[in-house]
């Protein structure tokens, strides 16, 4: 049972270590990881350099929609809302 519970965290970690960016929205929707900041803290503690930047909500939705369907409410200002994007440099 433990492996099932942590498989999302492991997949999210591998995604970040491959150099791909990730927001909290993507962590939750694609990997089932509710606490991306803990994963980022663990990576930093392990010696990895994790970068951050602010990206529009729309950017995260676009990336999620490559693998799933996420339709934000029509009145949500998806270009004005920003999310923190994390990635590990290779």
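Readers should treat all values here as calculations from the given coordinates under stated rules, not as data from a laboratory. All values derive from a computational prediction rather than experimental measurement. Using ideal geometry, Cβ is built from the backbone for each residue, glycine included, and neighbour counts are taken over all protein chains shown.
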Nearest-ten-degree value, helix 36-45 long axis tilted from longest Cα axis of the chain:
40 degrees
How many nm is it between the label spots at residue 76 and residue 41, if each spot is 7 Å from the Cα in line with the beta carbon?
2.6 nm
Degrees, to the nearest 10: 2-17 long Cα axis against longest axis of the chain
70 degrees
Sequence gap at least 6, Cα distance under 8 Å: using those rules, report the relative contact order of the chain to the nearest whole percent.
40 percent
How do 61-67, 81-87 rank on mean C-beta neighbours within 10 Å, highest first?
81-87, 61-67
Could you tell me whether the chain comes out rounded, prolate or oblate from its Cα gyration tensor? Rule is a ≥ b ≥ c as square roots of the eigenvalues, rounded for a/c under 1.5, then prolate if a/b exceeds b/c, otherwise oblate.
oblate
